[in-house]
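Please read the structure below before turning to the comments.
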Amino acid sequence: PEEGLLLLENVKDRSKNRYFTIKGNLLHNCGGDVDAAGKCWEQAMESDRDNDVLWINLGNYYLVSKKDYKAAEKHYSEACKLFPEHEAFYAFLGDSLFFQGRFREALEQYQKALSLPETYENHHQDVKNMVKECEKKISGH
């Protein structure tokens, strides 16, 4: 990945969203500067709003790397509108709500995710586990 970053620095046309998407992925996967990766994905998002992988990368940056659950919630709410059949966005929206202590709302999103075809292999099992966690929190156990 570090070689990839060096090669990218020689790219003259940086106006293309693909440049920022690839640079963000390389920065993130090098275990390097996740904030720089997030900024690259934000730049790419300005002109590539139909790229579901970019939405996932940027959302996970907010949710996992930054632990900015409000930003993740806003991001995934918008993603659900753009990709209404993409189960993972509802699950990730559920995660952002769960980590804000909004268990009933999270449960609704997880149930919506389970009603859609699975995006990733075995992802529904993870979502089912989160449903159980929400039910425990709601019941007080």
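The values are calculated or read from the model by the stated rules, or taken from the named source; none is laboratory data. Just so you know, these numbers come straight off a predicted model, no measurement behind them. Note: ideal-geometry Cβ built from the backbone for every residue, glycine included; neighbour counts use all protein chains shown. Each accessible area value is taken on the protein alone, full model and side chains, heavy atoms only, with ligands, DNA and RNA left out. Shrake-Rupley method; radii C 1.70, N 1.55, O 1.52, S 1.80 Å.
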* Asked: Within the range 98-109, restricting attention to residues that are part of a helix (DSSP H, G or I) and of a type outside the set (Gly, Ala, Ser), which residue is most open to solvent (accessible area, probe 1.4 Å)?
  -> ARG104
* Qualifying positions in the range 33-58 - closer than 15 Å to LEU82 by Cβ, of a type in the set (D, E, K, R) and surrounded by fewer than 13 Cβ atoms within 10 Å (Cβ to Cβ) -> GLU46, ASP50
* For the range 68-86, state whether one or more residues are of a type in the set (S, T, N, Q) and either modelled with pLDDT of 95 or more or in contact with a strand residue (DSSP E or B) (Cβ under 6 Å, 6 or more places away or on another chain) (or both). => yes
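Residue by residue, here is whether (1) open to solvent by less than 40 Å² (accessible area, probe 1.4 Å); (2) assigned to a loop (DSSP other than H, G, I, E, B) holds:
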{"position": "ASN60", "(1), (2)": "no, no"}
{"position": "TYR76", "(1), (2)": "yes, no"}
{"position": "PRO84", "(1), (2)": "no, yes"}
{"position": "SER96", "(1), (2)": "yes, no"}
{"position": "GLN111", "(1), (2)": "no, no"}
{"position": "GLU121", "(1), (2)": "no, yes"}
{"position": "VAL127", "(1), (2)": "yes, no"}
* Residue count for the range 84-112, restricted to those that are of a type in the set (D, E, K, R) and farther than 14 Å from GLU73 by Cβ -> 4
* Filtered residues of the range 63-74 (kept if over 19 Å from HIS123 (Cβ atoms) and buried (at least 20 other Cβ atoms within 10 Å of the Cβ)) -> GLU73
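Given the structure, is LEU26 open to solvent by 30 Å² or more (accessible area, probe 1.4 Å) and over 10 Å from the mean Cα position of the chain (by Cα)?
On the way: open to solvent by 30 Å² or more (accessible area, probe 1.4 Å): yes; over 10 Å from the mean Cα position of the chain (by Cα): yes.
It is true that LEU26 is open to solvent by 30 Å² or more (accessible area, probe 1.4 Å) and over 10 Å from the mean Cα position of the chain (by Cα).
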* **Output for the range 90-116, where each listed residue is farther than 14 Å from LYS128 by Cβ and more than 17 Å from the chain's Cα centre (by Cα)** => GLY101, ARG102, PHE103, ARG104, GLU105, GLU108
